[in-house]
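All remarks here apply to the structure that follows.
The values are calculated or read from the model by the stated rules, or taken from the named source; none is laboratory data. Because the structure is a prediction, the values reported are computed rather than measured. In this analysis, Cβ positions are derived from the backbone assuming ideal geometry, glycine residues included, and neighbour counts consider all displayed protein chains. These area figures cover heavy atoms from the full protein model, side chains too; ligands, DNA and RNA do not enter into them. Shrake-Rupley method; radii C 1.70, N 1.55, O 1.52, S 1.80 Å.
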Amino acid sequence: MNYRHAYHAGNHADVLKHIVVLACIDALKRKDTPCFVLDTHAGRGRYLLGGAESRKTSEAAGGVFKLMGAARLPDPAERYLRAVVANNPVGALITYPGSPLLVAQALRAQDRLAACELQPEEAQALREVFADDDRVVVHARDGYAAMKALLPPRVGEQRIARGLVLIDPPYEVQDAEYPQILASLRDALERWPAATYMVWYPIKQRRSLLPFFRKAAALPTKGAFVAELQVRPDDSPLRLNGSGMLVINPPWQLDQALAPVLPVLASTLGETGASHRLEWLRQPT
């Protein structure tokens with residue numbers, strides 16, 4: 001696998017993904033009982049925005065840096081920016097926190113995170129990030145296999161009833177990735193039906209995603225919606241025109257929290273022809 005997220009850290013897709021993830025974590029924390037998060041494709045946890053990879057693409061300039069220049073953002077976007085800023089010196093944005101770091105910093109003492117990363121160098125970097133955090137376990141293993149091994153989650157003899165599984169693969173071979181995602185979701189929903197599941201997906205040409213949406217809507221869930229941001233029209237299959245988050249079994253009113261954010265992201269980060277979408281694939285039951 002050749003993918004390295006360092007080239008894309010802080011771009012418009014990360015902005016969307018991390019706003020949605022943090023809003024979900026905050027919703028889960030409304031109850032005092034512990035929650036468990038499984039990040040199946042965790043990366044290295046922290047990325048240098050001045051590093052060679054980031055400078056080569058400059059994608060953060062159209063993402064987190066651009067959003068920081070906006071005024072009067074909706075609460076979930078402001079909350080996300082505070083989390084990013086908290087990982088940097090005052091007045092500077094030097095590093096970008098990846099999903100596992102943002103999640104861990106949002107969790108409470110009673111909560112747990114399992115972060116999976118298959119690439120050895122990235123997994124070692126992730127271990128160093130969490131060396132002093134006993135709430136976090138880093139697994140140098142395939143994230144899909146970890147869904148079978150780690151769900152339903154337990155801490156000792158205690159089973160954790162609530163939580164989140166974040167699936168954010170590199171999509172190096174997209175035709176193979178979507179069937180793997182659907183099969184893993186179907187199995188995980190049998191093992192841990194009360195959990196929330198999130199899948200990040202790229203948008204190059206939206207019509208190519210329609211079979212995935214139909215099959216996701218047919219899964220045995222309590223409800224599922226998609227939240228999408230397209231920063232340009234999806235008329236090119238060769239570049240990332242946008243991205244979305246499939247949210248299965250969302251916490252109560254998560255869609256309402258995100259609804260005012262998406263148009264602001266489209267107007268702030270988008271080019272001519274930018275758009276957004278929040279749509280239920282399967283209504284809550």
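For a quick check of understanding: with a 1.4 angstrom probe and all protein chains in place, what accessible area in square angstrom does LYS148 have, to the nearest ten?
Approximately 110 Å² of LYS148 is accessible to the 1.4 Å probe.
Mind jotting down the distance between the C-alpha centroids of the range 125-192 and the range 213-229, whole Å?
19 Å
Protein chains only, probe 1.4 Å: how do TRP200, TRP280, TRP252, TRP192 rank by accessible area, largest first?
TRP252, TRP280, TRP200, TRP192
When semi-axes √(5λ) of the Cα gyration tensor in Å is calculated directly from the model, which label among [x] 59, 31, 17; [y] 25, 23, 19; [z] 45, 22, 17 fits?
Evaluating semi-axes √(5λ) of the Cα gyration tensor in Å on these atoms matches [y].
Which whole-number percent is the relative contact order of the range 91-169 (Cα, under 8 Å, 6+ apart)?
Normalised by residue count, the contact order of the range 91-169 is 24 percent.
What accessible area, in Å² to the nearest ten, does a 1.4 Å probe give for GLU172?
Accessible area, nearest 10 Å²: 90 Å².
On a straight-distance basis, which aspartates and glutamates could pair with LYS215 in a cross-link, Cα separation under 19 angstrom, same-chain partners fewer than 8 positions away excluded?
Within reach: ASP168, ASP175, GLU177, ASP187, GLU190, GLU228, GLU279.
When ligands, DNA and RNA are left out and all protein chains stay put, how many square angstrom of accessible area per residue does the range 64-158 have with a 1.4 Å probe?
Using a 1.4 Å probe on heavy atoms only, each residue of the range 64-158 averages 50 Å².
Name the lysines eligible as straight-distance cross-link partners of LYS56: C-alpha to C-alpha under 26 Å, and not fewer than 8 places from it in the same chain.
Hits, sequence-local ones excluded: LYS17, LYS66, LYS204.
Viscosity 0.692 mPa s, temperature 37 °C: what is the translational diffusion coefficient of the range 63-193 from Stokes-Einstein with a Kirkwood Rh over Cα pairs, rounded to a whole number of µm²/s?
My calculation gives 193 µm²/s for D.
Run the accessible area of the chain with a 1.4 Å probe and give the carbon-and-sulfur part as a rounded percent.
52 percent
Once fully extended, how much extra length lies between GLN174 and ASP32, figured as 0.36 nm per residue of separation less the alpha-carbon to alpha-carbon distance?
47.3 nm
In nm, to one decimal, how far is the VAL85 label point from the LYS56 one, both placed 7 Å along Cα→Cβ?
About 3.2 nm, to one decimal.
Please list, in chain and number order, the residues 5+ apart from VAL155 or on another chain whose amide H is under 5 Å from its amide H, with Hs placed from the backbone.
Amide H neighbours of VAL155: ILE160.
Can you send over the solvent-accessible area of ASP39, 1.4 Å probe, protein chains only, in Å² to the nearest 10?
0 Å²
Of the residues SER54, SER208, SER275, which exhibits the maximal mean-square fluctuation in a Gaussian network model of the chain defined by a 10 Å Cα contact cut-off?
Taking springs between Cα atoms under 10 Å, the residue moving most is SER208.
Show that you can apply the helix-only estimate: for the chain, add -39,500 (n - 2.57) for every DSSP H stretch of four or more residues, divide by all residues, and state [θ] at 222 nm to the nearest 500.
-10500 deg cm²/dmol
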